[in-house]
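The values are calculated or read from the model by the stated rules, or taken from the named source; none is laboratory data. Since this is a predicted model, take the numbers as computed values, not measurements. Glycine also receives a Cβ, built like all others from the backbone with ideal geometry; neighbour counts cover every protein chain displayed. Protein only, heavy atoms only, side chains kept; ligands, DNA and RNA dropped before computing areas. Shrake-Rupley method; radii C 1.70, N 1.55, O 1.52, S 1.80 Å.
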Amino acid sequence: MNLPNLPNIMFQPTLDSVRSHQIPDWFHDAKLGIFVHWGLYSVPAWAPLTGELGQVIAQEGGWLNWFSNNPYAEWYQNSLAIGKGETYEHHVKTYGADFKYEDFAPMFNEAAKNFNADKLADAIKRAGAQYAVLTTKHHEGFLLWPSTQPNPHKHDWQLKHDVVGALTDAVRARDIKMGLYYSGGLDWTFNTHVIKDIADLFVGVPQSPEYEAYSTGHIRELVDRYHPSVLWNDIGYPRLANLPQLFADYYNAVPDGVINDRFVQAPAIDPQELMAKMASGEGALPVPAHYDFRTPEYTIVPDVTPHKWESCRGIGFSFGYNQNDNDANLLSVEDLVRSFVDIVSKNGNLLLNIGPRADGSLPENQLARLIGLGDWLAVNGEGIYGTRPWNHAAGKAHAGTQEIELRFTQKGHDLFIALMGTPQQREVTLANVTVPEGATVHLLGYAAPLTAEQRGDHVAVTLPSSLEPSPVHMLKVG
């Protein structure tokens, strides 16, 4: 990795040194990122509508049930390799039993010629996102940039043109930070182990010196060429890698960059022993040596966390484009906005995924959600961007007999109170809220201050008579 024009190398290749890295303000301030999953899986674009991750693994059958009925369309190759189930049956019926996953590569290369980076970047901007993260290589191993280190096991296993560079330039031209995802833990061109259960994830990580050099070389190339503001690894990383060196070099090259928590180097362990430890509650899942932020998937935390986190999820049940998606399984704009506000109130960012079609175009039902979220942020963004958590995240309000959930954020001396729904009456009583003497209460989107009366440890606020329905109404006290 080249480190040009850096007068001071701030970080040394030790864990103590990289752990001293401070999360930059921009990541705390941003709140909303857009994840872009795009690859060969965008050609078949198919998965059963099984359900959200947490809901499915909580059912009988757990992880085995999840992988056998995987709703993640980007896992199409693994679902096909299991040799049974809805994805396998769909593939045989649609393409024939002799059609290999590799046969999607020329189809993807042809479709990707129509990729319009500006149009996709416009959609990301329209959502109100402050950063984006693109999959440069997913578990199938196919590259979205012309690497100087091509795949040694599959010829031409990459796009013919530089999609990573094109989208990076387009996103940055709109004053949005650009991050890059890399699947360091799974690469099915190096390790063909079929993933059927959680222990298989650790068995599936290639551990050869060849793969360590290949994956680390790729990350160094991505950092050197594109300087991503977010380095987002997935599943795990080879045990042979010198991560303190890699992290130090990244921070020195991108001083305001951040690293996620999925660079896990799992110890060598028998999968059955691992499963037994997990079943006994011993906490056998390995802990990453270093990270800037946590990345729970399809997860909401119960309250404010002391550490920074980022909830990543699809608009539906999948990250890759799934042609089966419909309004019944996609998040509504209302649920999306409320989930987003809840996450922000608890010290989190939302990394909301979009899955383009094979030609890079965005399905209309996904675009509609981005527009809806962007429209809400255009009015209420003051209570989101640049805020920090309050001393607690949640509260209650009442409008007559109607109970309304509250969420809180703060910025400087201003407190923002989110009404998680539209009150049925104009007077709303906010429990355990005090308006300081001399402060005013405003409803974002309305110019005139509201009438507010302190009643003990509650405050009664009179809302405008012209109040329009909204997923969340944001009050500003300051």
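Conditions tested, residue by residue: (1) at pLDDT 95 or above; (2) of a type in the set (Lys, Arg); (3) surrounded by fewer than 19 Cβ atoms within 10 Å (Cβ to Cβ); (4) part of a helix (DSSP H, G or I).
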{"residue": "PHE35", "(1), (2), (3), (4)": "yes, no, no, no"}
{"residue": "TRP38", "(1), (2), (3), (4)": "yes, no, no, no"}
{"residue": "PRO44", "(1), (2), (3), (4)": "yes, no, no, no"}
{"residue": "ALA47", "(1), (2), (3), (4)": "yes, no, no, no"}
{"residue": "VAL56", "(1), (2), (3), (4)": "no, no, no, yes"}
{"residue": "LEU64", "(1), (2), (3), (4)": "no, no, yes, yes"}
{"residue": "ASN70", "(1), (2), (3), (4)": "yes, no, no, no"}
Of residues in the stretch 286-299 being assigned to a loop (DSSP other than H, G, I, E, B) and within 13 Å of PHE263 (Cα to Cα), the one most open to solvent (accessible area, probe 1.4 Å): VAL287
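For SER470, state whether it is modelled with pLDDT of 95 or more and not aromatic (Phe, Trp, Tyr). Show your work before the answer.
Working: modelled with pLDDT of 95 or more: yes; not aromatic (Phe, Trp, Tyr): yes.
The answer is yes for SER470.
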The stretch 41-55 residues that are over 16 Å from LEU80 (Cβ atoms), paired with ones that are open to solvent by less than 10 Å² (accessible area, probe 1.4 Å) and of a type outside the set (A, V, I, L, M) (beta carbon under 7 Å, 6 or more apart): LEU49/PRO71; GLY51/PRO71
Given (1) surrounded by 15 or more Cβ atoms within 10 Å (Cβ to Cβ); (2) among the charged types (D, E, K, R); (3) closer than 22 Å to LEU120 by Cβ, number of the condition GLU405 does not satisfy: (3)
Breaking point among (1) in a loop (DSSP other than H, G, I, E, B); (2) at pLDDT 95 or above; (3) surrounded by 18 or more Cβ atoms within 10 Å (Cβ to Cβ), for ARG313: (1)
Pairs where the first residue, in the stretch 137-161, is without any contact (Cβ under 8 Å) to a residue 12 or more places away in the chain and the second is open to solvent by 50 Å² or more (accessible area, probe 1.4 Å) and aliphatic (A, V, I, L, M), C-beta under 6 Å, 6+ apart: none
Counted residues, the stretch 215-232 - those being in contact (Cβ under 8 Å) with a residue 40 or more places away in the chain, farther than 18 Å from ASN151 by Cα and open to solvent by 20 Å² or more (accessible area, probe 1.4 Å): 2
Check on GLN410, farther than 24 Å from VAL337 by Cα and open to solvent by 60 Å² or more (accessible area, probe 1.4 Å): no
Conditions (1) more than 20 Å from the chain's Cα centre (by Cα); (2) outside any loop (DSSP other than H, G, I, E, B); (3) of a type outside the set (S, T, N, Q); (4) crowded, with 20+ Cβ neighbours inside 10 Å: number failed by GLU212: (4)
Residue match in the stretch 147-167 (condition: more than 18 Å from SER42 (Cβ to Cβ), open to solvent by 50 Å² or more (accessible area, probe 1.4 Å) and in a helix (DSSP H, G or I)): no
Where GLU110 falls short, out of the listed (1) in a helix (DSSP H, G or I); (2) in contact with a helix residue (DSSP H, G or I) (Cβ under 7 Å, 6 or more places away or on another chain): (2)
Of all residues making up the stretch 6-33, the number that are outside any loop (DSSP other than H, G, I, E, B), crowded, with 17+ Cβ neighbours inside 10 Å and aromatic (Phe, Trp, Tyr): 1
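Starting from residues that are over 14 Å from the mean Cα position of the chain (by Cα) and in a helix (DSSP H, G or I), keep the ones in the stretch 326-362 and report whichever is surrounded by the most Cβ atoms within 10 Å (Cβ to Cβ). Let's see the steps before the verdict.
As a first pass, look at the stretch 326-362 and keep what is over 14 Å from the mean Cα position of the chain (by Cα): 326-335, 337-338, 341-342, 345-347, 356-362.
Those left that are additionally in a helix (DSSP H, G or I): 333-335, 337-338, 341-342, 345.
Details: VAL333: 17, GLU334: 16, ASP335: 12, VAL337: 23, ARG338: 19, VAL341: 28, ASP342: 21, SER345: 26.
Across the stretch 326-362, the extreme among qualifying residues is VAL341.
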Qualifying positions in the stretch 426-453 - open to solvent by less than 70 Å² (accessible area, probe 1.4 Å) and touching a Ser or Thr at 6+ places or on another chain (Cβ under 7 Å): LEU450
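Hand me the list of strands (runs of 3 or more DSSP E) wholly inside the stretch 371-462 holding 1 or more residues that are closer than 30 Å to ILE354 by Cβ and either within 24 Å of the chain's Cα centre (by Cα) or among the small types (Gly, Ala, Ser) (or both). Steps first, answer last, please.
Working: elements: 388-399, 402-411, 414-419, 427-430, 441-443, 451-455, 458-462.
Qualifying strands (runs of 3 or more DSSP E): 388-399, 402-411, 414-419.
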Residue in the stretch 454-470 that is least open to solvent (accessible area, probe 1.4 Å), counting only those that are in contact with a Phe, Trp or Tyr (Cβ under 9 Å, 6 or more places away or on another chain) and either closer than 17 Å to ASP414 by Cα or of a type in the set (Gly, Ala, Ser) (or both): SER470
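Assess whether ASP98 counts as being over 30 Å from SER229 (Cβ atoms), in a loop (DSSP other than H, G, I, E, B) and more than 21 Å from the chain's Cα centre (by Cα). First the steps, then the outcome.
Values: over 30 Å from SER229 (Cβ atoms): yes; in a loop (DSSP other than H, G, I, E, B): yes; more than 21 Å from the chain's Cα centre (by Cα): yes.
So ASP98 passes the test.
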Check on ASP303, charged (D, E, K, R), at pLDDT 95 or above and touching a helix residue (DSSP H, G or I) at 6+ places or on another chain (Cβ under 6 Å): no
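Can you go through ALA284, ALA289 and tell me which one is of a type outside the set (D, E, K, R), modelled with pLDDT under 95 and closer than 20 Å to PRO13 by Cα?
Details: ALA284 fails: closer than 20 Å to PRO13 by Cα.
Just a single option satisfies the conditions, and that option is ALA289.
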Count - residues of the stretch 83-93 that are at pLDDT 95 or above, open to solvent by less than 30 Å² (accessible area, probe 1.4 Å) and more than 17 Å from GLY320 (Cα to Cα): 0
